[in-house]
1. Scan the range 17-26 residue by residue and report those that are within 21 Å of Y89 (Cβ to Cβ) and not in a loop (DSSP other than H, G, I, E, B).
2. Kindly indicate whether F142 is at pLDDT 85 or above, among the hydrophobic types (A, V, I, L, M, F, W, C) and crowded, with 17+ Cβ neighbours inside 10 Å.
3. If the requirement is being closer than 18 Å to Y194 by Cβ and of a type in the set (A, V, I, L, M, F, W, C), which of these qualifies: M100, M54?
4. Got a number for residues in the range 182-200 being in a loop (DSSP other than H, G, I, E, B) and touching a Ser or Thr at 6+ places or on another chain (Cβ under 8 Å)?
5. Among K158, K128, K132, K120, which is the only one that is at positive phi, of a type outside the set (S, T, N, Q) and out of contact with any Pro (no Cβ under 7 Å at 6 or more places or on another chain)?
6. Taking the condition of being surrounded by 11 or more Cβ atoms within 10 Å (Cβ to Cβ) and under 14 Å from G107 (Cβ atoms), how many residues in the range 152-172 meet it?
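The values are calculated or read from the model by the stated rules, or taken from the named source; none is laboratory data. What you see is a predicted model, and the numbers here were worked out from it, not measured in a lab. Because the Cβ atoms are built from the backbone with ideal geometry, glycine has one as well, and the counts that use them run over all protein chains shown.
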Amino acid sequence: MYEFLREALETNTHQKTLLNIGSGGKISEMLSQYDFANSTSIDIDEDRKPDIVMNACALEFPDNSFDIVCAMEVLEHIPTPQVALDEIYRVLKPSGELLMSTPFVFGIHDEPYDYYRYTKYGLEYLLKRFEKVHVQERNTYFSTVVVLLSRLIMSTTKSDRVIGAIFTGLSALLSPIIWILDSLISSRNITTGYFVTATK
C-alpha cells in the first residue's frame with residue numbers, strides 16, 4: 001500500500017492540495033511527509049484526530065477544491081459508497097486524481113462498520129463518472145491465501161493467534177516457494193484487495 005502511494009505521489013506535490021479521507025495511522029503519517037500546498041484530513045471519528053470531523057458522504061467543501069483525494073481502506077466502511085464517490089468527484093478539480101484502496105478477499109475488521117467487498121468490475125462501475133480509471137490487484141493468488149492465514153495472529157482467540165504466528169513464520173521461511181507458486185498461477189481472480197487511480 002505504501003509503495004502504491006509513493007509511486008502515485010512521486011510527481012511534484014508542493015503546489016497541490018490534498019484531501020485525505022480517513023485520518024490516523026501510518027497512511028496519515030506517510031502523507032504528512034509530502035510538501036502539499038495544503039493538506040486536510042477528515043474522519044467521522046474524532047478519536048482519530050482528523051483536521052475536521054466530517055462525513056465523506058457530505059463533504060463540506062466547494063466544488064473543484066482539491067488536486068488529490070486519498071481514500072485508503074475507507075470505501076468498505078461507508079454505507080452509501082456511490083454517494084461518497086460522487087462527493088469526491090465534485091470536490092476534485094478538473095484533472096484531479098483519486099487515490100484509493102479497498103479490500104476484496106480480506107477479513108472483517110473495524111466491526112461493526114465493515115459493510116462491503118468490491119470486485120474490480122464493481123469498482124469500475126462505481127467510478128464510471130471518472131476518466132482513466134485503473135484498478136490494480138494488491139497481490140497475487142497464493143499470496144492472498146498466505147495473508148489470510150497470517151492475519152489470524154490478530155484474532156481474539158488464542159488458538160487462532162498461534163496458527164497465525166506459525167504461518168507468519170512459515171511464510172518468511174518459504175518465501176522463495178511462495179514466489180514460485182505465485183509465478184505459476186496466472187489467475188488474478190483472487191486478491192486481498194485493489195489499488196485504484198482515477199482522474200476527474
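1. T17, L18, L19, N20, I21
2. no
3. M100
4. Number of matching residues: 6.
5. K132
6. 9
This table checks each residue for (1) buried (at least 17 other Cβ atoms within 10 Å of the Cβ); (2) at pLDDT below 95; (3) closer than 21 Å to Q82 by Cα; (4) touching a His at 6+ places or on another chain (Cβ under 8 Å).
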site	(1), (2), (3), (4)
Y116	no, no, yes, no
Y121	no, no, yes, no
F130	yes, no, yes, no
H134	no, no, yes, no
N189	no, yes, no, no
G193	yes, no, yes, no
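Yes/no per residue for (1) outside any loop (DSSP other than H, G, I, E, B); (2) closer than 30 Å to Q15 by Cβ; (3) basic (K, R):
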site	(1), (2), (3)
Q82	yes, no, no
L85	yes, yes, no
S101	yes, yes, no
G107	no, no, no
